[in-house]
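Working notes for the structure below.
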Amino acid sequence: MKKRHTEEQIIGILNEAQAGMPVADLLRKHNIAQGTFYRWKAKFGGMDVSEARRLKALEEENSRLKRLVADQALDIQILRDINSKNW
């Protein structure tokens, strides 16, 4: 799924809202849904661009590590199954 807005753009939009632009005007201007705006606000509210980049990097690393743990758990289970059989 391709994202329409980068973290930098999202933070810029949130900063416009903090500067006092009415949310309805902001949604119309950037062609986003109200739910999307409030989801972004919950996730990125109060962040600057460097913090958002760091968050994205941490989320990617966390995802990679979860896959690694799942692969290792599968390997361990396979080895246990093989080891439990009587030859």
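The values are calculated or read from the model by the stated rules, or taken from the named source; none is laboratory data. Keep in mind that what you see is a predicted model, and the values were worked out from it rather than measured. Here Cβ is always computed from backbone atoms with ideal geometry, including for glycine, and neighbour counts include all displayed protein chains. Surface areas here come from the heavy atoms of the whole protein model, side chains and all, with no ligands, DNA or RNA. Shrake-Rupley method; radii C 1.70, N 1.55, O 1.52, S 1.80 Å.
So which aspartates and glutamates can K66 reach, going by Cα to Cα under 16 Å and dropping same-chain residues fewer than 8 places off?
Those aspartates and glutamates meeting the cut-off are D75.
Run the numbers for S63 and M21: contour at 0.36 nm per residue of separation, minus the present Cα-Cα distance, in nm.
Stretched out fully, the S63 to M21 stretch lengthens by 11.5 nm.
Could you grab the relative contact order for the chain? Cα pairs under 8 Å, six or more apart, rounded to a whole percent.
Relative contact order here is 31 percent.
Carbon and sulfur together cover what percent of the accessible area of the chain at a 1.4 Å probe radius?
54
Starting from the eigenvalues of the Cα gyration tensor, five times each then square-rooted, give me the equivalent ellipsoid semi-axes of region 41-83, largest first, whole Å.
So the three semi-axes of region 41-83 are 37, 9, 4 Å.
Could you tell me which trypsin sites (Lys or Arg not before Pro) in region 1-63 are loop residues by DSSP with no more than 14 other beta carbons within 10 angstrom of their beta carbon?
Those satisfying the criteria are K2, K3, R4.
For the chain, what is the calculated [θ] at 222 nm in deg cm²/dmol (nearest 500), taking -39500 (n - 2.57) for each run of four or more DSSP H residues and dividing by its residue count?
-26000 deg cm²/dmol
Report the equivalent ellipsoid semi-axes for the chain in whole Å, largest first, defined as the square roots of five times the eigenvalues of the gyration tensor built from alpha carbon atoms.
45, 13, 9
To make sure I understand the rule: partners must be lysines, Cα under 17 Å from the Cα of K43, and not fewer than 8 residues away in the same chain. Which ones qualify?
The reachable lysines, counting only those whose Cα sits under 17 Å from K43, are K3, K56.
Once the Cβ-Cβ distance between Q77 and K3 is put in as r, and R0 is 25 Å, what FRET efficiency do you end up with, to the nearest 0.05?
Calculated value: 0.10.
Taking only protein heavy atoms and a 1.4 Å probe, what accessible area per residue, in Å², does the chain have with all protein chains in place?
81
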